[in-house]
Amino acid sequence: MLAKTQTCAVVGLDGYVVEVEVDISPGLPAFHVVGLPDTAVQEARERVRAAIRNSGCEFPMRRIAASLAPADLRKAGPSYDLPIALAVLQGSGQLSGTPPLTMFLGELALDGQLRHTNGILSMTAVAKEEGFQRVFVPESNAREAALVEDMEVIPVRTLAQAVAHLRGEEQILPWSRRVAPVDGHAFEVEDPSANGAGPVGGADLADIRGQEHAKRALEVAAAGGHNLLMSGPPGSGKTLLARSMPSVMPALTNNEALEVTKIYSVSGLLPSSSPLISYRPFRSPHYTISNAGLVGGGSIPKPGEITLSHRGVLFLDELPEFGHTVLEVLRQPIEDKIVTISRAKGSITYPANFILVGAMNPCPCGYYADPTKECVCSPSQVSRYKGRISGPLLDRIDVFVEVPRIEYDKLVAPPNTETSQQVSERIKEARDAQRRRFEGTSLITNAEMGPVEVWEYCQLDEAAQSLMRSAMKHMHLSARGFHRIQKLARTIADLSDSDEIDIAHLAEALQYRPTSWT
């Protein structure tokens, strides 16, 4: 007898509807799964067999063929267990059928329990797009699936419970949740700091003594989405400044929150206590990370750190210590805001729109040009150390700032600077101005502008043009550097609530460019 159920495959961050067909025919007992399944899907045979038996049902001792269509789409992961098990029960006459326009998702334990499954949000979203009305998911994934509006989510604890529901013996109530409107959409009310993954360390700018110039650079970078590189001796506060950046960045919009949540769901990093990620990601990988760890990869590609920092901050501490090839792979994602991973079996594109924040010492010992401690590095050592960061990568960084040693008087003085909340409000106003400017386009921040948008929105008056002409000559700026300075000046003007870029805005933007590097 032939039976069919509907489920979903995830490739990259996108879902694709998969039809599960099970045929049970006379013959020697056998169980085959076809349709380009990976090892986890092949192993579903044993999980399904044990789960059916341990759920009070009978596993048919006949020839069983399960087909996952389309056959040319590679299937990975254990989310096919539940639809295969229900199709087997339907094909053997133990179920009369399944409701129309219904998708089934979930991994089975041997005792019939449904385990937490990665990628549920992407699968539920494609179910909604394809016209499905309800989705059966593991109970632990129900809050995540319910983020998709107008979709009936059936939370299932066990296979036996799902069977009883489909037979009409026991009703499973659809998932309901406490919601609050956000930008016209209903999202679950959660404390983003409850899972420990909110603004990292809780650093507030008011707690950082001195470094006013560096704080201003941080504000400009956060307001326009610009990349930032801090250089200074050990202990000057570079890492603390970087970790305070999420505290001044504006909250994620509803669409951005869903983008980030999809990434973490597929990666298996979504906290069970917080189905919607509402905070800006902050990722800080160690400098021993591999190319695949940073960009993503593997035989079945998974998102790397640059994708996990999408819409947030990627902090690379001790930047010159990262491998040369690791740093060079950042060039294309920084420019295009996406990363494409190509394998023999196909290519996958992940989003990678992040703010790069780097921190480094000025030399190997860390005290080059320090006023109080002598540097022991030779000029050639300093040059080689800085040369680990290539010119093309440096050209993609907008803001360079020195973070000097903090004097005693500033360390013991009471805080008299702005709090992160005050700076965040100013940044929010600048971001709102950018959102209005780019309304109707895919752009969000000034840093994302291309040459056409720079020409339209970053016009300079005569005095500013004269300053830029002189800067191009003396600072040996490339065309990319020329455009990046204009975008940076546009952000500074936005922070000043100015519609025009004047010479003061351009002058501040120019001071964030290094006059020399080696």
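Observations on the model:
- 1.4 Å probe accessible area per residue over the chain, in Å²: 44
- Heavy-atom accessible surface of region 273-363: percent carbon and sulfur, 1.4 Å: 52
- Spatial separation of Cα centroids for region 7-29 and region 32-56, in angstrom: 11
- Translational diffusion of the chain, µm² s⁻¹ [Kirkwood Rh, Cα pairs; Stokes-Einstein; 20 °C; 1.002 mPa s]: 84
- Accessible surface ranking for His286, His32, 1.4 angstrom probe, highest first: His286, His32.
- Cross-link partners for Lys128 among the lysines, with Cα-Cα distance under 18 Å and sequence neighbours closer than 8 places in the same chain left out: Lys262.
- In the assembled protein chains, Glu318 presents an accessible area of approximately 60 Å² (probe radius 1.4 Å).
- For region 460-471, 3J(HN,Hα) per residue [Karplus equation, 6.51 cos²θ - 1.76 cosθ + 1.60, θ = phi - 60°, Hz, x = Gly/Pro]: 10, 6, 5, 5, 5, 5, 5, 5, 5, 4, 5, 5
- Simple point charges give the picture: +1 on the Cβ of Lys and Arg, -1 on the Cβ of Asp and Glu, and for region 55-147 a dipole about the Cα centre of about 140 debye.
- Packing, taken as the mean count of other beta carbons within 10 Å per residue, orders the peptides 347-358, 95-106 from highest to lowest as 347-358, 95-106.
- Whole-angstrom gap from region 386-427 to region 361-384, using each part's C-alpha centre: 20
- Under 5 Å from the amide H of Arg63 lie the amide H atoms of Ser25, Gly27, Ala30, each residue being 5 or more positions distant or on a separate chain, with H modelled from the backbone and absent for Pro and chain starts.
- With all protein chains in place and a 1.4 Å probe, the accessible surface of region 13-123 carries 51 percent carbon and sulfur.
- Lys302 long-range amide H proximity, modeled H, under 5 Å: Gly297
- Phi angles of region 326-336 translate, via the Karplus equation with coefficients 6.51, -1.76, 1.60 and θ = phi - 60°, into HN-Hα couplings of 5, 5, 5, 6, 6, 4, 5, x, 4, 7, 9 Hz per residue; Gly and Pro are given as x.
- Karplus-derived 3J(HN,Hα) values for region 2-14, using 6.51 cos²θ - 1.76 cosθ + 1.60 with θ = phi - 60°, are 9, 9, 9, 9, 10, 9, 8, 10, 10, 10, x, 10, 9 Hz; glycine and proline are entered as x.
The values are calculated or read from the model by the stated rules, or taken from the named source; none is laboratory data. Since this is a predicted model, take the numbers as computed values, not measurements. Quick reminder, even Gly has a Cβ in these numbers, built from the backbone with ideal geometry, and neighbours come from all protein chains shown. The accessibility values were calculated without ligands, DNA or RNA, using every heavy atom of the protein model including side chains. Shrake-Rupley method; radii C 1.70, N 1.55, O 1.52, S 1.80 Å.
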